[in-house]
Amino acid sequence: MSEYLNDDDRVLALRNWWEANGTTLIVGLVLMVGAVIGWRWYNDYTQARDETASATYQRYLESRQRDAKPAEQEPLLATLDNDFRGSGYRIFTLFYRALDATKAADYPKATGYLETAVKDAEDAGLRDIARLRLARLQVQSGSPEAGLETLSKATTTGFRSYVAELKGDILMGQGKKAEAREAYQAAAASADPGETQPVLEMKIVDLATPNAPAP
C-alpha cells in the first residue's frame, strides 16, 4: 500500500508512529544501554576488588613466611577484615590466625576466629571447613557436645564423609562405640567412589561386633 502514498503521507505516517512509539523506544534504548554499561562497570569493579584482595592476601602470606612482626601484618589483616569481610582470602587469614592462637594454647581466641569464619564466609564450602576445624578445637578444648552441635550444621555434600568421620571420632571419645561405628559407616558410604580410606576402614573393623558382616 505504501506505493500509493505521496511524500507528505509518508511523513505524516512516520510522525504518527513516532508519537505513538517514540517514547517507549527511547526509554527501552536508554535502559538497554544503561544495563550494558552497568554490567561492564560491575565486572570491572568486581575484578578490581578481587585483584586487590588477592594482592593483599599474598602480601600477608609473604609476611608469614618472613616471620614478620605483627605491626607489618596488622594493616594487611585490617584491609581484609574491613573491605573483604566475606571473601575467601579473608577467611583463609582467619584460619591462619586460629592456627596461631591454637599453637599458643589460646583456645578462646582460636575459637573466636573460627566462629567468625563460620559467620562471615560467603562460600558454603569454606563455612563447613571452618565448622570442621571449630568442632575439632571444641573437642580439644573439652567440649565434645559443642563439637557435635557444630558438625550438625555442616551441610555441604562434598564434606559429608569428613563430617561423619569426625563425628565418629567424637562419639568414640565419649565411649559410644555403637554410635561411633554407625558414624564411621556413614562416612564410608558418603566417600567418593573409588576413594580409599584405610584409616577409616580400620576404625570400622576395630569396632566390628562378633559375626557382623564386613563393611
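Read-outs throughout are calculated quantities, based only on the coordinates presented, and are distinct from any laboratory measurement. Note that the coordinates shown come from a computational prediction; the quantities given were computed from them, not determined experimentally.
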* Gain upon complete extension [Gln140, Asp83; 0.36 nm per residue less C-alpha separation] -> 17.3 nm
* Structure fact -> Percent relative contact order for the range 56-215, counting Cα pairs under 8 Å at least six residues apart, stands at 12
* Asked: So what is the relative contact order for the range 89-137, in percent, with contacts set as C-alpha pairs under 8 Å and at least six apart?
  -> 34
* Asked: In this model, which of Lys119/Lys203; Lys109/Lys176; Lys69/Lys103; Lys153/Lys176; Lys153/Lys177 are farther than 25 Å apart at the alpha-carbon?
  -> Lys119/Lys203; Lys109/Lys176
* Asked: If the viscosity is 1.567 mPa s and the temperature 4 °C, what Stokes-Einstein diffusion coefficient in µm²/s follows for the range 102-215 when Rh is the Kirkwood radius over Cα pairs?
  -> 87
